[in-house]
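Structure, as structure tokens:
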Amino acid sequence: MEIVVGVTGGIAAYKTVHLVRLLIGDGHNVHVVPTPDALRFVGLPTWEAISRNRVTTSVHEDVPQVRHVALGQAAELIIVAPATANTLASMAAGLAHDLLGTTLLASRAPVLVAPAMHTEMWQHPATQANMATLRARGVQVVGPDDGPLTGGDSGPGRMSEPEAIHAAAVALLQRRHDLAGLTIAVSAGGTREPIDPVRFIGNRSSGRQGVALAVAAAERGAQVLLASANIDGDVLAEARRPGVEITQAGSAAELSELMAQLATRADVVIMAAAVADYRVVEVSDGKLTKESGGVPTIRLTENEDILAGLASRRRPGQTIVGFAAETARGDELLERGRRKRRRKGVDLLAVNEVGWTTGFGVADNKLVILDAADAVTSEAAGSKREVADALLDAVLAARRA
Ligand code: CTP
């Protein structure tokens with residue numbers, strides 16, 4: 001495979017020499033792209049000798065080959081190790097002031113970064129905000145490790161060992177295209193049950209987790225059918241890409257009809273949307289006003305359980321995945337999850353801790369995944385993208401079993 005290794009200006013660059021050797025040993029064609037600063041730590045001849053490819057830091061060399069974009073376009077994986085605080089900030093801002101910057105911007109390949117810096121720099125809110133941006137964009141992160149740093153101090157900030165970065169790269173390459181040939185229907189967002197023309201009963205689901213699932217599945221080669229229930233334009237924009245077909249649904253009844261249609265085409269159905277359990281019996285044609293008289297009483301009736309319906313009608317070989325939004329914690333969380341999985345009859349249930357400040361509307365998420373035997377197959381915490389990848393791994397494992 002074509003792999004670009006970006007090296008930036010940190011002392012850990014000497015460890016990246018070994019990483020490049022490991023990648024070459026696997027038979028990959030490695031192009032090293034150092035930043036000018038990186039060459040203060042390890043010189044250009046070392047990179048050329050070890051990678052057996054020409055190395056430059058300049059966007060003005062090899063102009064006939066349009067090197068500044070050619071490397072990124074051809075890359076099947078980009079690794080940045082060490083990734084300094086400065087480089088991570090540039091990446092988050094999308095800067096293209098050197099060959100590594102242009103290469104990263106010109107590429108659609110997965111990106112793996114191995115941060116390396118002093119603890120204070122790593123923990124600085126600016127760096128953490130940049131990391132959150134990069135993670136949300138799908139950048140994978142390995143490390144940093146906690147241990148002795150160059151100045152004699154110690155703490156989180158040490159670049160991961162070359163073997164660990166290599167293992168993360170191998171895992172990433174294995175995930176590429178591992179969902180090719182599968183059609184995956186995903187519902188995302190939250191339903192709105194109308195009360196009158198201007199009011200509804202809704203919930204706080206932003207749709208971010210479902211969108212992250214759609215994006216991750218598409219990047220891993222799946223054909224994705226995304227049912228979007230009231231997702232903000234900004235959030236949904238992430239999913240507008242080749243391989244993702246988006247259809248809108250408003251209420252639970254609309255989502256139910258849409259999912260039934262999509263499920264006929266899908267090998268895997270994932271219900272990540274937060275569906276209202278109840279709807280209003282008498283939706284008022286006109287706006288309810290104070291003149292309508294007194295405090296209104298809104299009578300509710302139960303909605304169909306979309307997920308349970310999809311599971312009971314599943315075709316042979318179809319995998320049905322549910323989410324469980326729970327405010328319980330610990331053993332009670334798992335027990336509630338297990339009861340819900342059995343009640344719905346699904347193959348996998350992703351149990352999601354939610355609360356006033358967790359789960360809904362926030363960037364990070366935490367899941368415990370239960371399989372059809374009620375066993376915990378995996379636990380995932382991190383960005384919604386990382387959690388999405390873990391759930392898709394569990395889907396593949398369930399389909400192989
Ligand atoms: N779900 C559904 N149809 C409903 C309610 C929920 O398809 N009418 C799906 C959700 O999309 C999710 C799963 O069922 O995948 C669990 O949703 P959750 O709200 O956690 O469970 P409920 O069935 O609503 O149970 P409870 O409110 O009692 O926790």
For the modelled label position 7 Å from the Cα of Asn53 along Cα-to-Cβ, which residues of the stretch 2-16 have backbone nitrogen atoms closer than 13 Å? 2-7
So for Ser160, Ser284, what's the accessible-area order with a 1.4 Å probe, most first? Ser284, Ser160
Given 13 as the ceiling on other Cβ atoms within 10 Å, longest exposed-site-free region of the chain for trypsin sites (Lys or Arg not before Pro) in DSSP loops: 109-203
How large is ³J(HN,Hα), in whole Hz, for each residue of the stretch 38-44 in order, when computed from phi with the Karplus curve 6.51 cos²θ - 1.76 cosθ + 1.60 and θ = phi - 60°, using x for Gly and Pro? 4, 6, 6, 9, 9, x, 4
Provide the per-residue ³J(HN,Hα) series for the stretch 70-83, in order, calculated from phi with Karplus coefficients 6.51, -1.76, 1.60 and θ = phi - 60°, each as a whole number of Hz, with x at glycine and proline positions. 4, 4, x, 5, 7, 5, 9, 7, 10, 10, 10, 8, x, 9
What share of all Cα pairs of the stretch 2-175, in percent, falls into each consecutive 5 Å distance bin? 1, 9, 19, 24, 22, 15, 7, 2, 0, 0
Give the accessible area for Glu219 in Å² (nearest 10); use a 1.4 Å probe, count only protein heavy atoms, and leave out ligands, DNA and RNA. 80
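Would you please give the FRET efficiency between Asp178 and Arg241, computed as 1/(1 + (r/R0)^6) with r the Cβ-Cβ distance and R0 = 30 Å, to the nearest 0.05? Can you show the working numbers first?
Values: r = 18 Å, r/R0 = 0.60.
For Asp178 and Arg241, the calculated efficiency is 0.95.
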Largest-first principal axis extents of the Cα set of the stretch 1-91 (Å): 33, 30, 23
Karplus couplings for the stretch 386-401 from phi (6.51 cos²θ - 1.76 cosθ + 1.60, θ = phi - 60°), rounded to Hz, Gly and Pro as x? 4, 5, 4, 4, 5, 5, 5, 4, 5, 4, 5, 5, 5, 6, 6, 6
Any chance you could tell me what percent of the C-alpha pair distances in the stretch 242-401 go past 24 Å? 42
Exposure ranking of His177, His28, His60 by accessible area [1.4 Å probe, largest first]: His60, His177, His28
Given H placed 1.01 Å from N in the peptide plane, which residues other than close sequence neighbours of Gly382 have an amide H under 5 Å from its amide H? Asn365
What relative contact order, as a whole-number percentage, does the stretch 183-400 give when Cα pairs under 8 Å and 6 or more residues apart are counted? 20
Translational diffusion of the chain, µm² s⁻¹ [Kirkwood Rh, Cα pairs; Stokes-Einstein; 37 °C; 0.692 mPa s]: 142
Return one number: the angle in degrees, 0 to 90 and rounded to the nearest 10, between the long axis of the Cα atoms of helix 125-136 and the longest principal axis of the Cα atoms of the chain. 70
Pull out a ≥ b ≥ c, the square roots of the eigenvalues of the alpha-carbon gyration tensor of the stretch 209-337, then state rounded if a/c is under 1.5, prolate if not and a/b is larger than b/c, and oblate in the remaining case. prolate
With both partners inside the chain, how many of the DSSP beta bridges are antiparallel, as a percent to the nearest 5? 30
Per its Cα gyration tensor (rounded if a/c is under 1.5, else prolate when a/b beats b/c, else oblate), the stretch 161-200 is best filed as oblate
How far is helix 252-263 tilted off the main Cα axis of the chain, in degrees rounded to 10, range 0 to 90? 60
Starting from the exponent 0.38 and prefactor 2.2 Å, build the expected Rg for the stretch 128-235 from its residue count and divide its actual Cα Rg by it. 1.53
Could you grab the relative contact order for the chain? Cα pairs under 8 Å, six or more apart, rounded to a whole percent. 11
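The values are calculated or read from the model by the stated rules, or taken from the named source; none is laboratory data. Bear in mind that the values here come from a model prediction, so they are computed numbers and not experimental data. Backbone-built Cβ (ideal geometry, glycine too); neighbour counts: all protein chains shown. Only protein heavy atoms, including side chains, enter the accessible area calculation; ligands, DNA and RNA are left aside. Shrake-Rupley method; radii C 1.70, N 1.55, O 1.52, S 1.80 Å.
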